[in-house]
Amino acid sequence: MMAIAEAKGASALRNAFGGILGVFILLLIGIFAFSIRLFSVIKYESVIHEFDPYFNYRVTQYLTNNGIYDFWNWFDDRTWYPLGRAIGGTVYPGLTLTAGSMWWLLNSLNIPLSVETVCVFTAPIFSANAAWATYLLTKEVKGTGAGLTAAALLAMVPSYISRSVAGSYDNEAVAIFALILTFYFYVKTLNSGSLFYATLNALSYFYMVCSWGGYTFIINLIPMHVLLCIVTGRYSSRLYIAYAPLVVLGTLLASLVPVVGFNTVMTSEHFSSFLVFVIIHMVALVYYIKGILSPKMFKVAMTLAVTIGLTVCCAVIAIFIASVASSPTKGWSGRSLSLLDPTYASKYIPIIASVSEHQPPTWPLYFVDINVLAFLVPAGIIACFSPLSDASSFMILYLAISAYFSGVMVRLMLVLAPAACVMSGIALSEAFDVFTRSIKFQAGDINSESSIAQNDVSNVDSNATTDKSETVSKEPSRKNHEKEKEQEIVKKVTSKSQNGKKLLVLPQEVSAVVILLLIALGGFYVGHCVWTTATAYSAPAIVLKSYTPDGLRVFDDFREAYAWLQHNTDVDDKVASWWDYGYQITAMANRTVIVDNNTWNNTHIATVGAAVSSPEKAAWEIFNSLDVKYVLVVFGGLVGYPSDDIDKFIWMVRIAGGVFPHIREQDYLRDGRYHIDAHATPTMLNCLMYKLSYYRFVETEAEGFDKVRRTEIGNKKFELTHFEEAFTTEHWMVRIYKLKLPKNRIQGKLKNKSSSETYSSNQTRARNTRRNPWQ
Amino acid sequence: MAKSTSSDAQMLIRSLRTAYAATPTNLKIIDLYVVYAIVTAVIQVVYMGVVGSFPFNSFLSGVLSCVGTAVLAVCLRIQVNKENKEFKDLPPERAYADFILCNLVLHLVIMNFLG
């Protein structure tokens, strides 16, 4: 009795100590996740990165200045001139509202942080939250140890860091946290069957819908999992409680967000949730009737139900197919269709195809982005199968689906990252479990009969692997091959055991060596993550650096150009540029733009594309019709900046050609390739983009040699007739041109008339010369 | 063939009726509530068919509130049912409290969306 009480007390103490240690580890993980994302602030400055974050920053500024009601009803007339954009109804408000409320909270506590600082540091804070959410999710799937490992892995996985560094103020910063949280609440409801967590699940889903368009992933993955559970015979009432309230409450909450609105019940992306809703009710009914009837009567009921049900089903499906087939895209949006059919975008929607984030990833990118996790994931899948529960089947499905989508679009590697981290956390934790248990067993000298028998069986297998382990070098790939063998051995041995769960025990030396190797694997992972973050993912894209023999050279041309625009033009002047720079111009230069990164109006973008692809006079006409005063062009030929407007010219021509048939891509190609040198076609040499990029380029030190295309340009000396150069930045990266005003028009010529001419000749002359309507 | 089917159907309905009569009263009350909610939803859909769906958000919120309370009542019934092995150590007060909370959130959203 005393011994048992003592043992209980000792285990309680150990549990308490473990709990405190766990909390401390989580705190450290959070701090680490925050700190690793600060490289961009240290190496450059606390500035908002890239393009999309500038729009979010501008919206947040508007929110903090004007309050929520003005933000909700905001119609922005400074973009997409002359169309404007109803921002309140077309933006995902989650990120803006989150940052806005953090700023408001801090300011009401008299901590005067500027809006920019709050925006820059939103992403690192929420990545710490995402790591903690991963801990909770994995704890539900496997246990606390796996949870801590998965949280540590997510804190540093490069693919998540790439979209959530300090300064990357984009939707994904908050959305990934919401995604993991929603999945955690779903799995928690599935495990516990409590309606309280179902409510929290719906609210977390609402937060996800507010934050990112990728919420359709959740509302399709969860129904798929429910269907999987039903089909594999794992239907239970907890599944019903986890799914049915989510559908109803989730649909309602999603409809509240103005961007989504009625799309929740009209577009095909949500239909799977309703279909599975109907299916789960039918299955629940069947199980209920099975419960209250005797087996014979149940058979009768089934035959009756099947005959009636089939006819009803066919009728409903016929109506459904008719209504869906009547819409040209079968009810799917362009982006979703391009995910399902990867070739769709390149055939029909050039704009979606032209975004670099929408290209498929290359194989090395997987190893850069999720590194060691790439081969820990299969081990995790096997570990999830060893006791297959609802939660682990969900994780397997999540991983499979996200792995497929990450192969379609680079941007979706981000959705794969949490799944990979959870799986790898499970695998590593299981591995550590086996080896530390072996050491503890041997050290504690607790030998039962079964475990001795087990030892004999496992010793035979492990002797073979002991030889392998002694010859193995410290290479992660080889080490993991051995570890996978261990996992297979675990599976084989546990399947051989007959009475209950026998635990595998390995020799102590093997365990110690393998634990050290696992820690080394973790070290490689951490080293890679920190290196990748520091070198590859911390650049703000608005300031560039290069190390020349003379030292560090900083290219701050973008901000120089926007500042010039802000100080030297009127507030109401319109600036035309390619859509990439629209957000930055409105946010930093505060001028009205024609097209921006939202790309919601393809025809408007095609108009701008047609203008830059046409000769000067035609381009001037188009720009004048849009009230444009300044044209902004990005040119990298002097310094070797590779992604300038001449590089994107392919897409400008294609997009314009999609709407205006007189722009033919063939006119710009010579032998199927774009040239800007002497081989270029005349159309290319006369188009506005060429002229605005290379005007006076011969006068620079490069003397007409384009460093990006590595050729001398074709047409070196030319004058601009309809545009004049307004400003060129220090490294010629941004060039701003002004539209010349039209010349004063004089209709016809005034000729000298002698008074001796006859009236008839005067009359004929009057009829022959063109009448001047202004006189 | 048809005769045996109809007689089978009659036997089926009789056995269903006797089996259902054996359920406790509190569950029957919940079932009645579910039926009431579904009937209200059907009435709303028929009304929409007659009158047209102009304030679509009102229609959606009305139908989904009915369906939502029906679903939540079914969840309550599952948790309170004594024959359900999975929930035998869940006190019915907790189940009822969860039901109230979820209904509160649902109706808050409905009120907001009703327009």
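Where a number appears in this text, it was derived from the coordinates with a stated rule and is not lab data. Please read all numbers here as calculations on a predicted model, not as lab measurements. Counting neighbours? That spans all protein chains shown, and the Cβs are built from the backbone with ideal geometry, glycine included.
Restricting to DSSP loop positions (anything but H, G, I, E, B) with no more than 13 other Cβ atoms inside 10 Å of their own Cβ, which trypsin sites (Lys or Arg not before Pro) remain in the range B:38-97?
Numbers: sites: B:R77, B:K82, B:K85, B:K88, B:R94; in loops: B:K82, B:K88.
Loop-located and lightly packed - B:K82, B:K88.
Percentage of Cα-Cα pair distances in the range A:614-714 greater than 23 Å, rounded to whole percent? Intermediate values should be presented prior to the final figure.
Numbers: 1268 of 5050 pairs.
Percent of Cα pairs beyond 23 Å in the range A:614-714: 25.
What's the exposure ranking of A:T311, A:T721, B:T40, going from fewest to most Cβ atoms within 10 Å?
Neighbour counts put them in this order, fewest first: A:T311, A:T721, B:T40.
To the nearest 20 debye, what is the magnitude of the charge dipole of the protein assembly as shown about its Cα centre, counting +1 on the Cβ of each Lys and Arg and -1 on the Cβ of each Asp and Glu?
Working: 73 positive and 66 negative charges, 455 e Å.
Taking the Cα centre of the protein assembly as shown as origin, the dipole is about 2180 debye.
Inside 10 Å of the C-beta atoms of B:64-74, what's the mean count of C-beta atoms belonging to other chains? Present the calculation step by step, with values, prior to reporting the outcome.
Working: counts 8, 2, 1, 6, 7, 1, 3, 11, 8, 0, 8.
Shielding by partners across B:64-74 averages 5.
Taking the number of other C-beta atoms within 10 Å as the exposure measure, put A:Y674, A:Y537, A:Y562 in order starting with the fewest.
Working: A:Y674 17, A:Y537 22, A:Y562 25.
If I rank by nearby Cβ atoms, fewest first, I get A:Y674, A:Y537, A:Y562.
Could you work out the mean projected area of the convex hull around the alpha carbons of the range A:386-442, in square nanometres to one decimal?
Values: hull surface 17.9 nm².
Mean projected area of the Cα convex hull: 4.5 nm².
Give me a single rounded figure for B:83-96: the average over its residues of other chain Cβ atoms within 10 Å of their Cβ. Display every interim value, and only then the final one.
Values: counts 2, 4, 1, 5, 5, 0, 0, 3, 0, 0, 0, 3, 4, 1.
Across the residues of B:83-96, the mean count of other-chain Cβ atoms within 10 Å is 2.
Given the pairs A:K545/A:K648; A:K648/A:K716; A:K707/A:K743; A:K545/A:K617; A:K43/A:K738; A:K43/A:K691, which span a C-alpha to C-alpha distance of over 30 angstrom in this model? Walk me through the numbers before you get to the answer.
Values: A:K545/A:K648 22 Å; A:K648/A:K716 21 Å; A:K707/A:K743 37 Å; A:K545/A:K617 38 Å; A:K43/A:K738 36 Å; A:K43/A:K691 36 Å.
From the list (A:K545/A:K648; A:K648/A:K716; A:K707/A:K743; A:K545/A:K617; A:K43/A:K738; A:K43/A:K691), the Cα-Cα distance tops 30 Å for A:K707/A:K743; A:K545/A:K617; A:K43/A:K738; A:K43/A:K691.
Please give the peptides A:635-644, A:540-549, A:107-116 ranked by average Cβ packing (other Cβ atoms within 10 Å per residue), highest first, as a rough proxy for protection. Don't skip to the answer; put the middle values down first.
Working: A:635-644: 19.4, A:540-549: 13.8, A:107-116: 11.5.
Ranking, from highest mean packing down: A:635-644, A:540-549, A:107-116.
Select from A:V505, B:S58, A:S194 the residue farthest towards the positive end of the dipole of the protein assembly as shown; place +1 on Cβ of Lys and Arg, -1 on Cβ of Asp and Glu, and compute about the Cα centre.
Checked the options; the winner is B:S58.
Given A:L521, A:W578, A:V543, which one lies farthest toward the positive end of the charge dipole of the range A:501-578, if we put +1 on the Cβ of every Lys and Arg and -1 on the Cβ of every Asp and Glu?
A:L521
About the Cα centre, and with charges only on the beta carbon of Lys, Arg (+1) and Asp, Glu (-1), how big is the dipole of the range B:31-115? Nearest 20 debye, please.
Values: 5 positive and 6 negative charges, 8 e Å.
Value, rounded to 20: 40 debye.
Throw me the Rg/Rh for the protein assembly as shown, computed over C-alpha atoms with Kirkwood Rh, two decimals. Before the final figure, lay out the partial values.
On the way: Rg = 34.1 Å, Rh = 32.2 Å.
Ratio of gyration radius to Kirkwood radius: 1.06.
For the range A:76-201, divide the Cα radius of gyration by the Kirkwood radius and give the resulting Rg/Rh value with two decimals. Before the final figure, lay out each step's value.
Working: Rg = 17.7 Å, Rh = 16.5 Å.
Reported Rg/Rh (Cα atoms, Kirkwood Rh): 1.07.
Measure out, as a whole number of angstrom, how far apart the alpha-carbon centroids of the range A:512-528 and the range A:36-114 sit.
41 Å
Quick one: check the C-alpha center-to-center distance for the range A:367-444 versus the range B:57-112, whole angstrom.
Computed from Cα coordinates, the inter-centre distance equals 35 Å.
Using a 10 Å cut-off around each Cβ of peptide A:291-303, what is the average number of partner chain Cβ atoms that fall inside?
Working: counts 4, 8, 6, 2, 0, 2, 7, 2, 1, 7, 6, 0, 3.
Across the residues of A:291-303, the mean count of other-chain Cβ atoms within 10 Å is 4.
Kirkwood Rh over Cα pairs of the range A:19-102 into Stokes-Einstein at 20 °C, 1.002 mPa s: D in µm²/s? If you can, show how the numbers build up before the last one.
On the way: Rh = 15.6 Å.
Estimated diffusion coefficient is 138 µm²/s.
What percentages make up the Cα-Cα pair-distance distribution of the range B:24-114 when the bins are 5 Å wide from 0?
In order of increasing distance, the bins hold 3, 14, 20, 20, 16, 11, 8, 5, 2, 1 percent.
With +1 on each Lys and Arg Cβ and -1 on each Asp and Glu Cβ, how big is the dipole of the range A:89-245 about its Cα centre, in debye rounded to the nearest 20? Spell out each step's value before the answer.
Working: 6 positive and 4 negative charges, 107 e Å.
That gives the range A:89-245 a dipole magnitude of about 520 debye.
Roughly speaking, what is the centre-to-centre gap between the range A:243-276 and the range A:165-208 when only Cα atoms are used, to the nearest Å?
With the range A:243-276 and the range A:165-208 each reduced to a Cα centre, they are spaced 16 Å.
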